[in-house]
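The values are calculated or read from the model by the stated rules, or taken from the named source; none is laboratory data. On a predicted model such as this, the values are computed, not experimentally measured, just so you know. All Cβ positions, glycine included, derive from the backbone under ideal geometry; neighbour counts span all protein chains shown. Accessible surface areas use protein heavy atoms only, side chains included; no ligands, DNA or RNA. Shrake-Rupley method; radii C 1.70, N 1.55, O 1.52, S 1.80 Å.
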Amino acid sequence: MSKTTIAVLHGGRSGEHEVSLRSAASIMDGLRDVGQYEVLPVFISREGIWTLEGVRVAILPEPGIGGLYVLEGEKAGEVIPVDVVFPVLHGTYGEDGTVQGLLELARIPYVGAGVPGSAIGMDKILMKAGLLAAGLPVGPYLWFTVADWEENKKQLLKQIEEELAFPCFVKPANLGSSVGISKAYDSAQLEKAINEALQYDRRVLVEKMLTGCEIECSVLGNDRPEASVPGEIIPCNDFYDYSAKYLDDNSGLEIPAKLAPETIKKVREMAVQTFIALDCAGLGRVDFFVDEKTGEMWIIEINTLPGFTSISMYPKLWEASGISFNELLQKLVKLALERFSQKERLKTTFDPS
Ligand SMILES: Nc1ncnc2c1ncn2[C@@H]1O[C@H](COP(=O)(O)OP(=O)(O)O)[C@@H](O)[C@H]1O
Ligand SMILES: [Mg+2]
């Protein structure tokens, strides 16, 4: 049987470039280990240039080309066929629907959520709106644009203080890995945090501080997704910031999370409901705050391309649920192909007669 060719996109024009390199290294090792895939490592620079083993390549937004178009060198103009693209990109220009849009136009199957699921999953403001519309629990928050901020700084600061109190969390609408996120303890810190977040996006949200423990749950599937056992994050810093996630080894993962059986059931159900409500596909990790003292539970976000090194929460939770890292990769490739063929069966013409 011929091998399935998988282009693994990694790096990217994102504050999470480094994190993507780590996830992609694990994924490529795993795919090669399985033995039935030909892996094409496609590196995307911080400027957005795509290369395959140092040679510039591109996916053209034209259907039927079916692969990576070689832009330079001896093979310039040739096409390297690709069966499935695995966009192992975190954050902007990768996890946000932009690459997914290109792959839709090019008509190439790819792993993970499509354009709307990716875009909404990346935008914390739209994501919260989607969750609230589906009746799912979201903590109190406010959001505004850079224009609002410039016009009404004083009023916004006052409103945040009154409605959300301190400490509160300030986040750029679109990003991940805690980049641009601050916890503000007073008005001066709040102002600084907002200016910081506005470096990354023109829209910012401020959230009330949630209590309890930080719980994550992995979801896998397309229209009938399933949830893993939940795990708990024990951050080594004041919150799970970039350094607690990637630089310091002292953050802990508790798998499975030590929660009451009925809480676990609820978390898993809500993880699946979140995935469906936001039109995700393939994979997603839903993050929660769970306060067993008060019985409250909030969804903080979904990550449509969660961290994916062999020690990351997403694959670890599946491992604890009986699916190994390599099996997980095989399932994701299969889900990508299934979703593609389902989409290919849809009509794109209409005859009104
Ligand atoms: N409302 C909140 N209350 C308490 N902690 C929070 C809140 N929002 C975020 N955090 C902390 O900040 C971290 C990063 O926030 P998150 O919204 O998950 O952003 P990212 O997409 O960058 O991971 C969380 O893992 C959590 O530790
Ligand atoms: Mg997060």
Starting from a Cα-only point model with no solvent, please compute log10 I(q)/I(0) by Debye for region 83-135 at q = 0.15 1/Å. -0.42
Links that overshoot a 31 Å alpha carbon limit, given the list Lys128/Lys192; Lys3/Lys124; Lys154/Lys245: Lys3/Lys124; Lys154/Lys245
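Which of the three applies to region 217-353, rounded, prolate or oblate, going by the alpha-carbon gyration tensor with a ≥ b ≥ c and a/c under 1.5 meaning rounded? Spell out each step's value before the answer.
On the way: a/c = 2.21, a/b = 1.76, b/c = 1.25.
Verdict is prolate for region 217-353.
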If the convex hull is drawn through the Cα atoms of the chain, its volume per residue in Å³: 168 Å³
Give me the 1.4 Å probe accessible area per residue for the chain, excluding ligands and nucleic acids, in Å². 46 Å²
Any chance you could give the angle, 0 to 90 degrees and rounded to 10, that helix 325-344 forms with the longest Cα principal axis of the chain? 70 degrees
Would you list the P(r) distribution for region 141-208, with all Cα-Cα distances sorted into 10 Å bins from 0 and each bin expressed as a whole %? 24, 62, 13
Taking only DSSP H segments of four or more residues, each worth -39500 (n - 2.57), what value at 222 nm results for the chain once the sum is divided by all its residues, to the nearest 500 deg cm²/dmol? -10500 deg cm²/dmol
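I need the peptides 289-297, 276-284 ranked by packing, meaning the mean over residues of other C-beta atoms within 10 angstrom, with the highest value on top.
Values: 289-297: 14.4, 276-284: 23.2.
Peptide ranking by packing, descending: 276-284, 289-297.
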For the chain, what does the relative contact order come out to in percent, with C-alpha contacts under 8 Å and a separation of six or more? 17 percent
Assuming 0.692 mPa s and 37 °C, estimate D for region 28-68 with Stokes-Einstein, Rh taken as the Kirkwood radius over Cα pairs, in µm²/s. 277 µm²/s
Across region 15-21, in residue order, what do the Karplus-derived ³J(HN,Hα) couplings come to in whole Hz, using 6.51 cos²θ - 1.76 cosθ + 1.60 with θ = phi - 60° and x for Gly and Pro? x, 9, 3, 4, 5, 4, 4
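Using a 1.4 Å probe on the protein chains only, how many percent of the accessible area of the chain belongs to carbon and sulfur? Working shown, then result.
Numbers: 8280 of 16350 Å².
About 51 percent, which is the carbon plus sulfur part of the accessible surface.
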How long are the semi-axes of the ellipsoid equivalent to region 4-110, from square roots of 5 times the Cα gyration tensor eigenvalues, in whole Å, largest first? 19, 17, 14
